[in-house]
Amino acid sequence: MKKNIALITGITGQDGSILAKFLLKKNYEVHGIKRRSSSFNTQRIDDIYNDLHEPNPQLFLHYGDLTDFSSIINVIKKVKPIEIYNLAAQSHVQVSFETPEYTANADAIGTLRILEAIRILNLTKSIKFYQASTSEMYGSTPPPQNENSPMKPASPYGAAKLYAHWITKNYRTSYNMFASTGILFNHEGPSRGETFVSRKITMGIANILKKKQKYLYLGNLDAFRDWGDARDYAKAMWKILQYKKPDDFVIATGKSYSVRKFVEISFSLVGIKISWKGKGLKEIGYDKKTNRTYIKIDAKYFRPQEVDHLRGSFKKANRILGWKPEIKFKDMIKDMLDKDLGD
Ligand code: NAP
Ligand code: F7E
């Protein structure tokens, strides 16, 4: 029987690595695009990568970069996938304020490059394309956000992703391509990048308990996010491409918590009750029993513009794809803490 072949851009990232494992379990042949870097950047997929000299390899890596059209078109031509998951991106919102042009090049034009490669290679009828859209596209639109909510991005990242979202929809309509988007709200887990707030908190706690770090420095504690578990969300990406027609789907949990609450729950899981005192940059999070300070505020973690509150409605995905989040918020934090305490 002919194998399903998937190509994942961003395979070395959180979602790419989880999706690769998910697709391998479904018996796909999985190809991934990785960037050249001066040291190894495949830690998240090392456990599934077999030496190609061994019999029957199922995972293949190709050098490429979303800012380099020739690498994109060559990989697609060589691999001829039936599904492409475009997960590669400069995905850090704060970093996008410092590298706005690069972020637009990789996240916005990078998506266009893939769509153009598919069109130029005359593969529009044989490839299903998935675009990793994001709740950051909603920006200042108040919750709950769904597929029809206005999109008012509040960062170079959000704006670049909105271009990618719309160009995907355009190629769907203009060229009758199977091009879908998943508008995913924040999703985390033990392999989350260390500078996103969730992982920064769980790693910070582990480092404090191991006496490797004294304080956890954070920015805005009062933003609300709808945090799900990346393992549930990888499943949603696959389901989106298995639906009979291309479409757009919000993937979220429908619940939101503040960063402050994330901190309180995480510390409570290691037996520390956090209280707060002070205001603004002088605010601290501390343990009343011991008077030990754990959290301090650093102005450098505040963004030029904040997205105040994201909480998604996943009704459409539930109704059409039968998808719902399975892993509970607290269990996800526990898994992250277990990983960081064990490292
Ligand atoms: P991530 O951990 O930051 O991974 C990003 C991946 O993209 C990495 O493999 C990275 O390679 C690769 N990459 C970056 N720039 C590239 C370029 N110019 N060319 C080729 N590859 C490049 O992100 P993630 O959390 O897995 O998110 C996956 C996708 O979903 C991203 O598009 C993100 O914007 C989007 N998204 C994420 C969330 C979330 O909460 N996680 C929510 C909504 C949407 P290196 O390993 O070499 O850096
Ligand atoms: O920030 C606040 C920060 O960087 C969450 C990406 O995956 O999800 C992610 O973007 C909140 C923000 O994620 C710190 O101001 C406070 O309000 O973890 P984050 P994000 O910006 O929501 C979306 C859906 C994506 O698509 C993105 O790719 O936490 N915050 N103090 C902090 N954030 C960070 N990073 N570091 C702090 O010290």
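Measure off, as a whole percent, the carbon and sulfur share of the 1.4 Å-probe accessible area of the chain, all protein chains present.
Of the solvent-accessible surface of the chain, carbon and sulfur hold 52 percent.
Taking a straight Cα-Cα cut-off under 22 Å and skipping sequence neighbours fewer than 8 places away in the same chain, the lysines within cross-link reach of LYS214 are LYS200, LYS261, LYS273, LYS277, LYS279, LYS282, LYS288, LYS289, LYS296, LYS300, LYS334, LYS339. When peptides 135-141, 321-327, 84-90, 115-121 are ranked by their average number of other Cβ atoms within 10 Å per residue, the highest-first order is 84-90, 135-141, 115-121, 321-327.
Heavy-atom accessible area per residue, the chain, 1.4 Å probe: how many Å²?
On the way: 16170 Å² over 343 residues.
Heavy-atom SASA per residue in the chain reads 47 Å².
Across the chain, the relative contact order, built from alpha-carbon pairs under 8 Å that are at least six residues apart, equals 16 percent. Couplings for segment 326-343, taken from phi via the Karplus curve 6.51 cos²θ - 1.76 cosθ + 1.60 with θ = phi - 60°, read 10, 8, 6, 3, 5, 5, 5, 5, 4, 4, 5, 5, 4, 4, 6, 6, x, 5 Hz in order; Gly and Pro are left as x.
Applying 0.36 nm per residue to the separation of ARG319 and LYS245 and subtracting their alpha-carbon distance, the gain on full extension is 25.2 nm.
If you take every DSSP beta bridge whose two residues both sit in the chain, what share of them, in percent to the nearest 5, is antiparallel?
Values: 9 of 46 bridges.
Roughly 20 percent of the beta bridges in the chain run antiparallel, per DSSP.
For ASN220 and LEU281, the difference between the fully extended length at 0.36 nm per residue and the C-alpha to C-alpha distance is 21.0 nm.
Under the classification rounded if a/c is under 1.5, otherwise prolate if a/b is larger than b/c and oblate if not, where does segment 274-332 fall, given a ≥ b ≥ c as square roots of the Cα gyration tensor eigenvalues?
Values: a/c = 4.42, a/b = 1.94, b/c = 2.29.
Here segment 274-332 falls in the oblate category.
In this simple spin-label approximation, LYS212 and THR99 carry label points 7 Å from Cα along the Cα→Cβ vector, and these lie 2.4 nm apart.
The phi torsions of segment 77-82, fed into the Karplus equation with coefficients 6.51, -1.76 and 1.60 and a -60° offset, translate into couplings of 4, 6, 7, 6, x, 8 Hz, rounded to whole numbers, with Gly and Pro shown as x.
Which semi-axis lengths, in whole Å and largest first, follow from the square roots of five times the eigenvalues of the Cα gyration tensor of segment 2-62? Could the numbers behind the result be given before it?
Numbers: eigenvalues 65, 36, 20 Å².
The three semi-axes for segment 2-62 are 18, 13, 10 Å.
Show the residues, 5+ positions off or on another chain, whose built amide H is closer than 5 Å to the amide H of LYS128. Under 5 Å from the amide H of LYS128 lie the amide H atoms of GLU83, ILE84, each far enough along the sequence or on another chain. Here segment 22-161 has an Rg and Dmax of 16.9, 53 Å, counting Cα atoms alone.
Note on segment 20-89 and segment 100-153: Cα centroid distance 20 Å, given to the nearest whole angstrom. Altogether, the Stokes-Einstein calculation at 10 °C and 1.306 mPa s, with the Kirkwood radius of the chain over Cα pairs as Rh, returns a diffusion coefficient of 76 µm²/s.
The values are calculated or read from the model by the stated rules, or taken from the named source; none is laboratory data. Since the model is a prediction, treat every value here as computed from it, not as a measurement. Ideal geometry is used to build each Cβ from the backbone, glycine not excepted, and the neighbour counts take in all protein chains shown. Quick note on the areas: whole protein, heavy atoms, side chains included, nothing else; ligands and nucleic acids left out. Shrake-Rupley method; radii C 1.70, N 1.55, O 1.52, S 1.80 Å.
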